[in-house]
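Colleague: Sharing a structure here in structure tokens format.
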Amino acid sequence: MRHLIIIGSGPAGYTAAIYAARANLEPLVIASSVEFGGELMKTTEVENFPGFPEGIMGPELMTRMQEQAERFGAEIVYDDVVSLELEGPVKRVTLGDGSVHEAHAVIYATGSAYRKLGIPDEERLSGYGVSWCATCDGAFFRQKKVAVIGGGDSALEEATFLTRFADVVYLIHRRDSFRASAAMQERAFADPKIQVIWNNEVAHIYGDEKVTGIGIVNTVDGTETTLDVQGMFVAIGADPRTHLVHGQLDLAPEGTIAVEGRSSKTSLPGVFAAGDVVDPTYKQAATAAGSGVVAALDAEHYLADIADAEKAELVATPR
């Protein structure tokens with residue numbers, strides 16, 4: 001029986017692991033078999049994480065967090081959670097290899113998953129020109145034309161990164177203004193390789209074996225245009241990974257896990273949540289890390305209360 005299991009290995013999960021390990025809780029971190037390290041593993045330079053004035057590459061930042069957690073005694077397991085039993089004083093976590101781990105408390109920090117357009121051929125051509133990660137796939141599009149779909153920070157960051165490889169980057173947004181930060185917009189507008197296409201959305205993806213073009217529809221007048229591109233990068237946001245706790249934990253209207261006030265306490269005692277899975281608004285590495293701190297401290301206090309209650313029961317029990 002463990003004190004604490006942490007599900008997720010992004011900034012929230014690893015920060016929670018650092019704090020929990022320093023509190024001698026010996027946490028077990030379930031880091032996933034494929035997506036360990038979270039979304040920052042697919043990011044290039046991170047310029048806004050405190051403590052790195054010159055910036056740091058996303059994978060390096062996550063590696064450092066992992067090493068720091070392990071230094072204090074956290075155990076990392078690279079497997080996927082297939083089911084959870086969260087009610088009652090003992091929490092059970094079943095992994096893909098069939099093993100079952102039990103703990104008094106669980107921190108759920110699974111982050112979010114890329115949102116898809118939901119149009120024909122998007123899935124079929126995934127990996128054949130359709131991508132959700134410029135860092136992963138950008139090098140395949142040297143001297144080619146690509147399109148980036150979206151209007152937030154992630155879309156503009158993807159577009160800017162892709163200019164290292166592609167000759168032309170079409171930045172397609174369904175509105176007439178971006179949601180991205182002023183700094184990201186300034187960088188994108190200043191890049192001669194980026195061509196912004198306002199008030200359009202993707203309706204078709206063309207290509208038999210690989211992407212050869214996309215059909216975009218004007219949201220104002222309905223006219224359709226075909227763009228000859230060899231790659232399409234979707235950057236329209238992400239959805240919280242809550243599928244494992246549906247029917248067990250209460251969710252907020254936005255689809256994130258509901259927590260009490262500024263705490264990480266969910267609707268079940270001993271279950272805490274942190275990071276993008278509770279944050280429908282900010283979704284930043286720094287806020288996720290802070291959320292991980294909150295979850296670790298909440299879990300530590302919960303476990304201390306359990307220990308105190310058990311000691312009191314022993315004293316009160318007649319011998």
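Colleague: Report the charge-dipole magnitude of the chain in Debye, nearest 20, computed about the Cα centre from +1 at each Lys and Arg Cβ and -1 at each Asp and Glu Cβ.
Modeller: Working: 26 positive and 45 negative charges, 56 e Å.
The calculation lands at about 260 debye.
Colleague: Given a Förster distance of 41 angstrom, what is the FRET efficiency for H246 paired with N24, based on the Cβ-Cβ distance and rounded to 0.05?
Modeller: On the way: r = 33 Å, r/R0 = 0.81.
The formula returns an efficiency of 0.80 here.
Colleague: For the chain, what does the helix formula give at 222 nm: sum of -39500 (n - 2.57) over DSSP H segments with n ≥ 4, over the residue count, nearest 500 deg cm²/dmol? Please list the in-between numbers first.
Modeller: Numbers: 6 runs with 81 residues, N = 319.
-8000 deg cm²/dmol, from helical runs alone.
Colleague: Continuing with the same structure: Whats the longest run of the chain with zero GluC sites (Glu not before Pro) that are DSSP loop and have at most 14 other Cβ atoms within 10 Å?
Modeller: Details: sites that count: E47, E54, E87, E123, E209, E254, E260.
Free of exposed loop sites, the longest segment is 124-208.
Colleague: Still on this model: Taking only protein heavy atoms and a 1.4 Å probe, what accessible area per residue, in Å², does the chain have with all protein chains in place? Write out the running numbers ahead of the final one.
Modeller: Values: 15880 Å² over 319 residues.
Ligands and nucleic acids excluded, the figure is 50 Å² per residue.
Colleague: Can you give me the Rg/Rh ratio for region 23-90, using Cα atoms for both radii and the Kirkwood formula for Rh? Intermediate values should be presented prior to the final figure.
Modeller: Details: Rg = 14.8 Å, Rh = 13.9 Å.
Ratio of gyration radius to Kirkwood radius: 1.06.
Colleague: Right, here's the next one. So, with +1 on the Cβ of K and R and -1 on the Cβ of D and E, and no other charges, what is the size of the charge dipole of region 171-319 about its Cα centre, to the nearest 20 debye? If you can, show how the numbers build up before the last one.
Modeller: Details: 12 positive and 21 negative charges, 47 e Å.
Using Cβ point charges on Lys, Arg, Asp and Glu, region 171-319 gives about 220 debye.
Colleague: For Cα pairs less than 8 Å apart in space and 6+ apart in sequence, what is the mean separation divided by the residue count of the chain, i.e. the relative contact order in percent?
Modeller: In percent, rounded to a whole number, it is 20.
Colleague: Any idea how far apart V220 and I119 come out in nm if each label point goes 7 Å out from Cα toward Cβ?
Modeller: Reported label-point gap for V220 and I119 is 1.9 nm.
Colleague: What does the convex hull of the alpha-carbon atoms of region 162-319 project to on average, in nm²?
Modeller: Numbers: hull surface 61.4 nm².
Directional mean of the projected Cα hull area for region 162-319 stands at 15.3 nm².
Colleague: Still on this structure, please answer the following. According to the square roots a ≥ b ≥ c of the eigenvalues of the Cα gyration tensor, what is the shape class of region 1-131, taking rounded for a/c under 1.5, prolate for a/b larger than b/c otherwise, and oblate for the remainder?
Modeller: Oblate, since a/c reaches 1.5 and b/c is not below a/b.
Colleague: I'd like to know which of F72, I119, S264 lies farthest towards the positive end of the charge dipole of the chain, counting +1 on Cβ of Lys and Arg and -1 on Cβ of Asp and Glu.
Modeller: Going by the Cα projections, it comes out as F72.
Colleague: While we're on this one: With a 1.4 Å probe and every protein chain kept in, tell me what percent of the accessible surface of region 22-72 is carbon plus sulfur. Mind showing how you got there, number by number?
Modeller: Working: 1360 of 2890 Å².
Of the solvent-accessible surface of region 22-72, carbon and sulfur hold 47 percent.
Colleague: Shifting gears a bit: Please compute the contact order of region 155-203 in relative form: average sequence separation of alpha-carbon pairs under 8 Å and at least six residues apart, divided by the residue count, as a percent.
Modeller: Values: 59 pairs, mean separation 23.8, N = 49.
It comes to 49 percent, rounded to a whole number.
Colleague: 7 Å from Cα along Cα→Cβ at both E75 and S263: what's the point-to-point distance in nm?
Modeller: Calculated label separation equals 2.9 nm.
Colleague: Same structure again: Using all Cα-Cα distances in the chain, what percent lands in each 20 angstrom bin from 0 up to the longest?
Modeller: All Cα pairs considered, the percentages come to 30, 50, 18, 2, 0.
Colleague: Next question, about the same structure. Using 7 Å Cα-to-Cβ label points, what is the W198/A309 separation (nm, one decimal)?
Modeller: 5.9
Colleague: Please report the relative contact order for region 203-288, taking Cα pairs under 8 Å with a sequence separation of at least 6, and give it as a percent rounded to a whole number.
Modeller: Computed over region 203-288, the figure is 16 percent.
Colleague: Same structure, new question: Straight-line reach only, C-alpha to C-alpha below 30 angstrom: list the lysines that K311 could link to, leaving out same-chain residues fewer than 8 apart.
Modeller: Qualifying lysines at Cα under 30 Å: K91, K265.
Colleague: Using the crude model of +1 on Lys and Arg Cβ and -1 on Asp and Glu Cβ, and no other charge, please compute the dipole size for region 21-164 relative to its Cα centre, in debye to 20. Numbers along the way, then the final one.
Modeller: Values: 13 positive and 23 negative charges, 88 e Å.
Its charge dipole is roughly 420 debye.
Colleague: Now, a different point. For region 72-104 and region 173-231, what is the separation of their C-alpha centers, rounded to whole Å?
Modeller: 43
Colleague: If you fit an axis through the alpha-carbon atoms of helix 11-22 and take the longest principal axis of the Cα set of the chain, what angle between them do you get, 0 to 90°, nearest 10?
Modeller: Rounded to the nearest ten degrees, it is 20.
Colleague: Keeping the other protein chains in place, figure out the carbon and sulfur percent of the accessible area of region 100-171, with a 1.4 Å probe. Don't skip to the answer; put the middle values down first.
Modeller: Working: 1450 of 2900 Å².
Carbon and sulfur atoms account for 50 percent of the accessible area of region 100-171.
Colleague: Let me ask something else about it. Round to the nearest 0.05 the FRET efficiency obtained for E186 and A286 when R0 = 25 Å and r is the Cβ-Cβ distance.
Modeller: Working: r = 21 Å, r/R0 = 0.85.
Efficiency at R0 = 25 Å is approximately 0.70.
Colleague: OK, next. Alpha carbons only, please: Rg and Dmax for region 232-319, in angstrom.
Modeller: Cα radius of gyration and Dmax of region 232-319 are 17.2, 72 Å respectively.
Colleague: P(r) for region 94-236, please, calculated from all Cα pair distances in 10 Å bins and given in %.
Modeller: Distribution as computed: 12, 39, 28, 10, 9, 2 percent.
The values are calculated or read from the model by the stated rules, or taken from the named source; none is laboratory data. Computed from a predicted structure; not experimentally measured. Cβ atoms come from the backbone with ideal geometry, glycine included; neighbour counts cover every protein chain shown. In case anyone asks, the SASA skips ligands and DNA or RNA and just uses the protein heavy atoms, side chains included. Shrake-Rupley method; radii C 1.70, N 1.55, O 1.52, S 1.80 Å.
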